[in-house]
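What follows is calculated from the coordinates using simple rules that are stated; it is not laboratory data. What you see is a predicted model, and the numbers here were worked out from it, not measured in a lab. All Cβ positions, glycine included, derive from the backbone under ideal geometry; neighbour counts span all protein chains shown.
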Amino acid sequence: MTQYVRYRKDSAVAYGILDGATVREIRGDLFGAHEATGATHPIAAVKLLYPCEPSKILAVGRNYKSHLGDRQAPDRPEMFYKPVSALQNPDDPIVIPQDAANVHFEGELVIVIGQRGTIFGVTCGNDVSDRDWQNGPRKDLQWWRAKGADTFAPLGPAIATGLDYGNLMLETRLNGEVVQRQSTADLTFDGPAIVSWVSRWVTLVPGDVIYTGTPGSTRAMRPGDVVEVEIEGIGVLRNPVA
């Protein structure tokens, strides 16, 4: 298994390989040929950023039976977009927008696309969602702000490769309380099925990401809260709420 990170050191942004508490800098193409530069940094001395720069973000709805409630399971992956402007770094705040009153966490496994539409690796994501704008009586035609407002797509801390993506434990914590816990083995549509479906119509390029859906139930977050999404083998995506 390898864990790749994107980070800022002083004014420079680089990619690196996470080795315990040390980041080993790399140069070249993260999704192709790259090599170590020889530079290393203690992880405490760098600022971790969302771990890739996607050209687009897709996401799957209703992809765990535990999240369906009384709704029927879909017969195909139910896709939607989130704008890249919604991305947020690990440890940076999820900002509750003006007039938003029902903003929920959604801890998710996120696929990172590699060369030729393959799955390069996976990371942690939080598909932050305002339920009133999504489903309320004055809901929007599309989920452009319900799931696409600024900071509504935290991502990271690392891209992990070489894992069994279909058998990882996902856990979301709100202020330390476990509020979601389920294995990715319970996904209705797994990573390869999602990528195959999307690729029939939309070209996926290296660095694109797909949020694969959230398990169980969710609830509103409030300013001052801290939400953590942890997936085994990847790490903890932590964000305060402001």
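With the convex hull drawn over the C-alpha atoms of the stretch 66-156, the volume per residue is 134 Å³.
Each other residue within a Cβ distance under 14 Å of Ser55 adds +1 if Lys or Arg and -1 if Asp or Glu, for a net charge of 0.
With kT/(6 pi eta Rh) evaluated at 37 °C and eta = 0.692 mPa s, and Rh the Kirkwood radius from Cα pairs, the chain diffuses with a coefficient of 182 µm²/s according to Stokes-Einstein.
If you average 1/r across every pair of different Cα atoms in the stretch 1-130 and take the reciprocal, what Kirkwood value do you get, in Å? List each step's numbers first, then the result.
Numbers: mean 1/r = 0.0586 Å⁻¹.
Every distinct Cα pair counted, the radius reaches 17.1 Å.
Each residue of the stretch 129-146 was assigned a 3J(HN,Hα) from its phi angle through the Karplus expression (A = 6.51, B = -1.76, C = 1.60, θ = phi - 60°), giving 9, 8, 5, 5, 5, 7, 10, x, x, 10, 4, 7, 4, 10, 8, 4, 9, 4 Hz with x at Gly and Pro.
Among the trypsin sites (Lys or Arg not before Pro) found in the stretch 80-180, those both in a DSSP coil and sparsely packed, with 12 or fewer other Cβ atoms within 10 Å of their Cβ, are Arg138.
Counting lysine pairs in the chain whose alpha carbons fall under 24 angstrom apart, excluding pairs fewer than 8 residues apart on the same chain, gives 10. Scalar couplings 3J(HN,Hα) for the stretch 94-103, obtained by applying the Karplus form with A = 6.51, B = -1.76, C = 1.60 to θ = phi - 60°, are 7, 9, 5, x, 4, 6, 8, 10, 8, 8 Hz; x denotes Gly and Pro.
Here each label is just a point 7 Å from Cα along the line to Cβ, and for Asp29 and Val202 those points are 2.3 nm apart. Modelled spin-label separation between Val226 and Ile43, with each label point placed 7 Å from Cα along the Cα-to-Cβ direction: 1.6 nm.
Computed on the stretch 114-216, with alpha-carbon pairs under 8 angstrom and 6+ residues apart, the relative contact order is 31 percent.
Assuming a ≥ b ≥ c are the square roots of the Cα gyration tensor eigenvalues, decide whether the stretch 103-242 counts as rounded (a/c under 1.5), prolate (otherwise, with a/b larger than b/c) or oblate. Before the final figure, lay out each step's value.
On the way: a/c = 1.85, a/b = 1.26, b/c = 1.47.
Taking the square roots of the gyration eigenvalues as a ≥ b ≥ c, the stretch 103-242 is oblate.
Full extension of the segment from Thr22 to Gln142, taken as 0.36 nm per residue of separation minus the current Cα-Cα distance, would add 39.0 nm.
Working note: 222 nm ellipticity from helices only, DSSP H runs with n ≥ 4, each -39,500 (n - 2.57), summed and divided by the residues of the chain, gives -1500 deg cm²/dmol to the nearest 500. Full extension of the chain between Val236 and Ser11 yields a length gain of 78.5 nm, computed as 0.36 nm times the residue separation minus the alpha carbon distance. Relative to one another, the C-alpha centroids of the stretch 4-57 and the stretch 179-194 are positioned 28 Å apart.
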